[in-house]
Every structure is written in structure tokens, then in C-alpha cells.
1. Where does each of Cys4, Cys151, Cys81 land when they are ranked from fewest to most other beta-carbon atoms within 10 angstrom?
2. Once fully extended, how much extra length lies between Tyr144 and Ser108, figured as 0.36 nm per residue of separation less the alpha-carbon to alpha-carbon distance?
3. Could you list, in their original order, any pairs among Lys20/Lys133; Lys11/Lys113; Lys128/Lys156 whose Cα atoms are separated by more than 23 Å?
4. Taking neighbour counts of Cβ atoms within 10 Å as a proxy for exposure, in what order, fewest first, do Thr227, Thr85, Thr196 appear?
5. So which GluC sites (Glu not before Pro) in the stretch 1-61 pass both tests, a DSSP loop state and at most 12 other Cβ atoms within 10 Å of the Cβ?
6. Between the stretch 45-106 and the stretch 200-232, what is the separation of their alpha carbon centroids in Å?
7. Taking the Cα centre as origin and putting +1 on Lys and Arg beta-carbons and -1 on Asp and Glu beta-carbons, what dipole magnitude results for the stretch 100-234, to the nearest 20 debye?
8. Quick one: if you stick a label point 7 Å off each Cα along the C-beta vector at Met197 and Thr62, how many nm between them?
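Just so it is clear, none of the values below were taken in a lab; they were calculated from the coordinates. All values derive from a computational prediction rather than experimental measurement. No Cβ is skipped: glycine too gets one built from the backbone with ideal geometry, and neighbour counts run over all protein chains shown.
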Amino acid sequence: MPQCFFIWNNKDSRSMGVIKRGPSPIIRPEERVKHVEIPGVSGDVTETEGEDIYNPYIQTATITVVGGFRVRDVYKWLRGCGYVTFDGEPDRRQQARIIGAITLERISRNLDKYAGEVQWYCQPLKEKLNEEKVTITAHGQTAYNAGDVICKPLYKVTASASTLTFAVTGNGTPADNVIGVSGLTSGDVIWIDSQTMEVLNAARTASLTKDMSMNFPVMAPGENLFTGVGWSNIEIERRERYL
């Protein structure tokens, strides 16, 4: 049976002399809803905050540290916030913060082992550790979002005119899912980040956001159609997100 593990901020528990007890569960986050009681009516009405809005959750691991000399190093490592990967889904990571006290108690005098629990307050959506980029080279081509929810990609766009526009159409994308950028020269490379809502130059040292219009395009789960003018190719870092 493969050894159970977790990776916290790019450091594998196995390299720290930390043994994790039992495999990690795969948790599907709870949808964020509000239950509203209607006077004089049995039951209630469930209201959602929007599509694909989920609550954070707590993931707990029981660990054993081999060697008392490692305890302080483990304490220094298991703190703060960052990214965590659990053995249940070794190809994905999620943002998290370590919460609560970590108490490591000696459980074996001769073998010098210390055991305790670690808790992560995990953000609900996960991302792939290694995601291949895709490139669109012509109006009318498609790109696929294999994630469970809408993603907010990073686009690297090569201009072929002074003004470019492109729209993304999928099953669930907004009706106005289109962006325009002006003040360009043919051959210019720009970055359009739909997550941070920025447009940057090729070196990513200067903002071009003032030259953009409309919206930052997102990608719905499934096939997405790319249309537009004024560009020769669009390289897409999709940032697919999973429940």
C-alpha cells in the first residue's frame, strides 16, 4: 500500500520524517446557502448566493514524527498559509491555512516517536498541480475547461492590429464575455489576467488596463468557442478549478 502523505508549501511530509496515519478523504465542499422561513408556511426557502459558491472546510490529519530532534522543525514548517496537497488527490492542490494548536506527544520512549493532529482550513476549490497550456490560433477555434466550475484564465495574446477583441462563448459563460484592448502595434504581446483583472505588457512590468474595454473573459466547464479580431494567437493558462 502506498504511504500516506501530504505536501505543505512544496515540502513533502515524508521528507520531514512525518508519517501520516490513514488515507486522506476526498471532500466535496458545502454549497453556501441561506434558509429563509416564511411565516405561516411549513418548511423554508433555500437561497443560494450564486452559482458555484462554496464554503471552506477543515481537513484533519493525524501524524507521527519520528525523532524528537525533528519536532521543532515540524512546528516551524506546519504554520501559516499556503498550498496543500493530500494523498487522496495527489495531482491537485488548494489554498489553506493551518489552524489550531499542534500538540505532539511522545508515544514511544525507545523509538522516540511523537504523535498529534494538524488541521487545515481549506478553501473549497482545487487546482491541478501541472496544467498544460492551450493555444488558439484562429477565430472560431475552441478550448476545453475540464474543471467543475467557471475558471478565470491568464491569456497571453499576440496582437496583429492596433486594436484587438476576443469573446469566449460556452455553456454558462456570461452574455458579455468579451474584451477589447487598444493602443497596440502588430506583433505586440500582452497578458490578460481574468483573475486579477489586469492587462499587462509583454514583460509584465507595466499596466495596460486603462486601454481595455468591456470585460475579462472567463471559461465555463466544457467546450468554449473563441472569436474575435486583431490577434494572431492566444495562449491560455486555464486555471481549471475542481470541487
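1. Fewest-to-most Cβ neighbours within 10 Å comes out as Cys81, Cys4, Cys151.
2. Additional length available on full extension: 7.7 nm.
3. From the list (Lys20/Lys133; Lys11/Lys113; Lys128/Lys156), the Cα-Cα distance tops 23 Å for Lys20/Lys133.
4. Thr196, Thr227, Thr85
5. For GluC sites (Glu not before Pro) across the stretch 1-61 that sit outside H, G, I, E and B with at most 12 neighbouring Cβ atoms in 10 Å, the list reads Glu30, Glu49, Glu51.
6. 34
7. With Lys and Arg at +1 and Asp and Glu at -1, about 300 debye.
8. Going by the 7 Å Cα→Cβ label model, 4.6 nm.
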